[in-house]
1. In the chain, what is the volume of the convex hull around the alpha carbon atoms, normalised per residue and reported in Å³?
2. Taking the 0 to 90 degree range and rounding to the nearest ten, how far is the long axis of helix 348-361 tilted relative to the main principal axis of the chain, both from C-alpha atoms?
3. Taking the square root of 5 times each eigenvalue of the Cα gyration tensor, what semi-axes in Å does the equivalent ellipsoid of the range 59-115 have, largest first?
4. If I ignore ligands, DNA and RNA and count only protein heavy atoms, how much of MET421 is accessible to a 1.4 Å probe, in Å² to the nearest 10?
5. With a cap of 16 neighbouring Cβ atoms within 10 Å, and only residues DSSP puts in a loop, list the trypsin sites (Lys or Arg not before Pro) found in the range 69-128.
6. What GluC sites (Glu not before Pro) does the range 210-300 have in DSSP loop regions with at most 14 other beta carbons within 10 Å?
7. Relative contact order for the chain using alpha-carbon pairs under 8 Å, separation at least 6, rounded to a whole percent?
8. Express the accessible area of the range 72-126 per residue in Å², computed with a 1.4 Å probe while the remaining protein chains stay in the model.
Amino acid sequence: MASAALARDLASILPRESIVLEETAAYLRDETEGRGFHGRADAVVLPGSTDEVERVLAWCYEHEVPLVPRGGGTGFAGGAVPIDGGVVVGLARMARIRAFDPLLWRIFVEAGVTTATLRRLARENGLYFPPDPGAAEQSQLGGNIATNAGGPHTFKYGTTGSWVTGLEAVIPPGETVSVGGPIRKDVAGYDLKSLLVGSEGTLGIVTAAWLRLIPAPETVLPVAAFYGTTENGCAAIERVLGNGLVVAALEYLDRTTLEAAGPSFPSELPPQAAFLVIAEADGSRSEAERLRGDVVDVLADGALAVHAPQEPSTIADLWRWREGVSIAVTAQRGGKVSEDIVVPLDRLGEAIEETLAIGERHELRACSWGHAGDGNLHSTFLVAPDDEDELARAELAAGDLFALATRLGGSISGEHGVGWMKRGQLARQWTPRARDLHAEIKRAFDPKGLLNPGKKIASPTEVEA
Ligand SMILES: Cc1cc2nc3c(=O)[nH]c(=O)nc-3n(C[C@H](O)[C@H](O)[C@H](O)COP(=O)(O)OP(=O)(O)OC[C@H]3O[C@@H](n4cnc5c(N)ncnc54)[C@H](O)[C@@H]3O)c2cc1C
């Protein structure tokens, strides 16, 4: 259907304020823009209610027009980018808090509430929503749920899905389903809620979610330790676990990442630093202080220096700096191809070194950082977004990373998802039967294949189809 006819039809089912007529470019890209990736849409809508989402989906289904759900557009897998026309359905206007029961540690939010808004609201009421993906001011709960987003505190507290007790979603051919709710346990039926979590907009459009909260820890005390080698840094990470220290976060940065982000580190950096570990103790003041003491002891062994801030402002400085790492790395050459592979924790050092070797093989500057405790690396190749040859080599290098992850017994994605960028790559780690089931689940939810087409595809044969 031509764009003009499509816009006219949408205008007959949606109020004027729900249709974006100008300045649509921002809805055609996400964080993969630095890889030279952007899309094309015939229309962009911002529904204000679940009922409007239902109407759009039903109309698209009837007219065989693809739809692409969109949150804050901070994804790294190209999931929110419309590939070849259709309707982008942004959830930003659905940002109401439908219910909040602080004394029962639960909240019911619409999909467009930003991650930062939710975390702030919880804090103001003495509560804590632990998932903390790095672009929290822009990313939305719907996007976090659709990618099952993680972050540094996933190590102790789990990914977004661990905090979802109920979901409202609009699924083809245009019906709202609710699974779970303000309940803490529910084993009736297959776990449809968990199928929708991490489905990257390919099974349904999440419109609202019931989330579990916990009382905010009284104290958080991070410890940063610098090492001269990757080997020493990884040995320290393993010692944290081996000593039974239940830290909230356990992060690392390699040498090249430190070169990019180090100049703004909120304390002195030892000149020989080639590896950084950040661990955080949390809990009541006495618990956190005791744990912090143990963490300092364990990390100090073999370290060049240990930085252990205690004031709220210096603690906030450290985490703010950590949040800026991805941006500091991008700033090196204007773009990056950054993946989120996972390996068993005892293979972390190998994966860090191999990332550098893959970069060398493809004549690219490489680095990695990430959620060490989860064995989750952001293995990255620095690129100039307008250098096509470099981009092509970086995509080949990304393929080598997926091969590495699967060879080491890991996964091609720990938190960013498959989206468009990793379509077909699941074949590296799943058997044909498992991939068939994946495709059958997609067909059961979306028989016409109109929801976010081309994304989260398991098999190369489906990519070609
Ligand atoms: C600086 C930076 C740091 C980051 N750090 C982390 C990190 O530590 N951990 C982490 O996991 N991620 C991280 N990310 C990636 C990103 O922020 C997360 O993937 C986030 O969850 C995406 O949310 P979003 O609202 O921006 O989703 P989008 O990018 O808009 O969409 C992502 C996917 O979800 C789908 N989707 C969005 N909303 C809905 C909905 N309501 N219903 C159904 N499908 C929907 C889209 O179709 C798409 O497939 C980081 C990104 C940046 C830029």
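The values are calculated or read from the model by the stated rules, or taken from the named source; none is laboratory data. The structure displayed is predicted, hence computed values, not measured ones. A quick note on method: Cβ atoms are made from the backbone with ideal geometry, for glycine too, and the neighbour counts reach across all protein chains shown. The protein model used for the area step is the full one, side chains on, heavy atoms only, and it has no ligands, DNA or RNA in it. Shrake-Rupley method; radii C 1.70, N 1.55, O 1.52, S 1.80 Å.
1. Residue-normalised Cα hull volume stands at 144 Å³.
2. That helix lies at roughly 70 degrees to the long axis.
3. 29, 15, 8
4. Spelled out: MET421, probe radius 1.4 Å, area about 30 Å².
5. Loop-located and lightly packed - ARG93, ARG96.
6. GLU218, GLU268
7. Relative CO of the chain lands at 15 percent.
8. 40 Å²
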